[in-house]
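The next block holds one structure in the form of structure tokens; read it before the comments.
All of the numbers you see were taken from the coordinates with simple rules; none came from a lab. Because the structure is a prediction, the values reported are computed rather than measured. Cβ placement follows ideal geometry from the backbone for every residue including glycine, while neighbour counts extend to all protein chains displayed.
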Amino acid sequence: MSLRLGAMLPEVLKHLFKKPATVQYPFEKIGVPKGFRGRPVMDPNLCIGCQLCVKDCPSEALEIHKESESTDEAGKVAKRFSMTFFLDRCSHCAQCAEVCPKKAIHMNTEFEDAAFDRGALKIVYK
């Protein structure tokens, strides 16, 4: 037993004065790497309602609804859309952001999606 302790002692002393290799996660936040795909975020002012994001989503985590339609003096029709996003279904593949022709959807860097209630994982962008 003393032979093993003697072989292990230099290793123990070396690591005794080093900083820890891990991060105390909930208390210390670390930055996310470049290109990280967090949760999708929609800008409803840019959405044209083409539904390409809904069609390309492999996990069926998106729904697009027409909110309003108005016509101005020049006869131009302005439509407003909202997006319902189901975070519990999302696989964070960013396919919705890639396929959007108006770049109305982008991926942010949030990754803490845990919740006690499934309803809290439903996000509506209006």
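Could you grab me the full set of residues in region 60-83 that are out of contact with any strand residue (DSSP E or B) (no Cβ under 6 Å at 6 or more places or on another chain) and surrounded by fewer than 10 Cβ atoms within 10 Å (Cβ to Cβ)?
Listed by number, the residues that qualify are ASP72, GLU73, ALA74, GLY75, LYS76.
Limited to region 85-108, what total is found for residues that are within 20 Å of PHE36 (Cβ to Cβ) and loosely packed, with under 12 Cβ neighbours inside 10 Å?
Residues meeting the conditions: 2.
Just give me the residues in region 1-43 being outside any strand (DSSP E or B) and closer than 18 Å to GLN95 by Cα, in sequence order.
LYS34, GLY35, PHE36, ARG37, GLY38, ARG39, ASP43
Which numbered condition trips up PRO58, out of (1) touching a helix residue (DSSP H, G or I) at 6+ places or on another chain (Cβ under 8 Å); (2) under 19 Å from VAL124 (Cα atoms)?
Of the numbered conditions (1) touching a helix residue (DSSP H, G or I) at 6+ places or on another chain (Cβ under 8 Å); (2) under 19 Å from VAL124 (Cα atoms), the odd one out for PRO58 is (2).
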